[in-house]
Amino acid sequence: MKYKNVIVTGAAGFIGSHLTERLLKEGCYVTALDDLSEGSWDNVPSHPRLKKNTKSILDNIDNIIKGTEVIF
């Protein structure tokens with residue numbers, strides 16, 4: 001993976017949680033973003049390169065996206 005700092009929106013859902021796992025295996029630093037309206041943090045593994053944020057993409061997330069190379 002050529003990106004090191006990524007955000008996964010909807011990270012607590014089915015697709016987002018699997019994408020998060022894959023990115024962590026690839027060596028990325030992942031910021032998981034989810035409002036938990038449908039998903040659960042139980043779906044997302046704990047990992048030292050993972051930060052979980054319970055926010056919506058409709059919230060002000062300027063401070064979260066600083067330094068991010070790609071958003072999924």
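The values are calculated or read from the model by the stated rules, or taken from the named source; none is laboratory data. Given the structure is predicted, the values throughout are model-derived calculations rather than measurements. Cβ placement follows ideal geometry from the backbone for every residue including glycine, while neighbour counts extend to all protein chains displayed. Note: areas computed on protein heavy atoms with side chains; ligands, DNA, RNA excluded. Shrake-Rupley method; radii C 1.70, N 1.55, O 1.52, S 1.80 Å.
Laid out as a table, the results:
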quantity: Flag if residue 51 is in a strand (DSSP E or B) and either open to solvent by 70 Å² or more (accessible area, probe 1.4 Å) or charged (D, E, K, R) (or both); calculated: yes
quantity: Count of residues meeting criterion [within 11 Å of the chain's Cα centre (by Cα) and more than 12 Å from residue 72 (Cα to Cα)] in segment 23-33; calculated: 3
quantity: Residue match in segment 9-21 (condition: outside any strand (DSSP E or B) and in contact (Cβ under 8 Å) with a residue 60 or more places away in the chain); calculated: no
quantity: So residue 31, is it among the hydroxyl-bearing types (Ser, Thr, Tyr), outside any helix (DSSP H, G or I) and at pLDDT 95 or above; calculated: yes
quantity: Those residues of segment 43-58 which are free of Cβ contacts under 8 Å to residues at least 24 places away in the same chain and not hydrophobic (A, V, I, L, M, F, W, C), in sequence order; calculated: 46, 47, 48, 51, 53, 54, 55, 56
quantity: Tally of residues being surrounded by 14 or more Cβ atoms within 10 Å (Cβ to Cβ) and among the acidic types (Asp, Glu) across segment 1-48; calculated: 3
quantity: Positions within segment 54-69 being in a loop (DSSP other than H, G, I, E, B) and surrounded by 10 or more Cβ atoms within 10 Å (Cβ to Cβ), in sequence order; calculated: 55, 56, 57, 59, 61, 68, 69
